[in-house]
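The values are calculated or read from the model by the stated rules, or taken from the named source; none is laboratory data. These figures come from a predicted structure and were not determined experimentally. Note: ideal-geometry Cβ built from the backbone for every residue, glycine included; neighbour counts use all protein chains shown.
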Amino acid sequence: MPNEYNNKVPSTEYHKLPLVIQVLIYFIGYDEMYTLINEHGGQNIYIPKNPSRGKVSNLLSPHSLNVLSEHFGGTYLMLPTLLSVDIQRG
């Protein structure tokens, strides 16, 4: 389910971004992805099945937490560093 905030994606060579970044933008939008990568980039982050738990529960909006839990709950996501996003923004 695409996020209504995806139209905020800056001019980026989207196809050159790491796949996990593309997926996060698709599900939670650019701003939330950027917040998540800014805080936890370069880490293997657990996405809990219960959106109110875990490291990201105070970081993202309730909508984004629900979407991440629905699609990735109970798994780990290896987040690239913010550098991989910023390089594409040029």
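Data overview
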| item | result |
| --- | --- |
| Among (1) over 18 Å from Val85 (Cα atoms); (2) of a type in the set (S, T, N, Q); (3) in contact with a Phe, Trp or Tyr (Cβ under 9 Å, 6 or more places away or on another chain) - the single one Asn58 does not satisfy | (3) |
| Tally of residues being under 13 Å from the mean Cα position of the chain (by Cα), buried (at least 17 other Cβ atoms within 10 Å of the Cβ) and part of a loop (DSSP other than H, G, I, E, B) across the stretch 42-78 | 2 |
| Criterion (out of contact with any Lys or Arg (no Cβ under 8 Å at 6 or more places or on another chain), of a type in the set (Val, Ile, Thr) and over 18 Å from Gln22 (Cβ atoms)) met by exactly one of Val56, Val67 | Val56 |
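Conditions tested, residue by residue: (1) touching a helix residue (DSSP H, G or I) at 6+ places or on another chain (Cβ under 6 Å); (2) surrounded by 13 or more Cβ atoms within 10 Å (Cβ to Cβ); (3) at pLDDT below 95.
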{"position": "Leu17", "(1), (2), (3)": "yes, yes, yes"}
{"position": "Leu24", "(1), (2), (3)": "yes, yes, no"}
{"position": "Ile28", "(1), (2), (3)": "yes, yes, no"}
{"position": "Tyr34", "(1), (2), (3)": "no, yes, yes"}
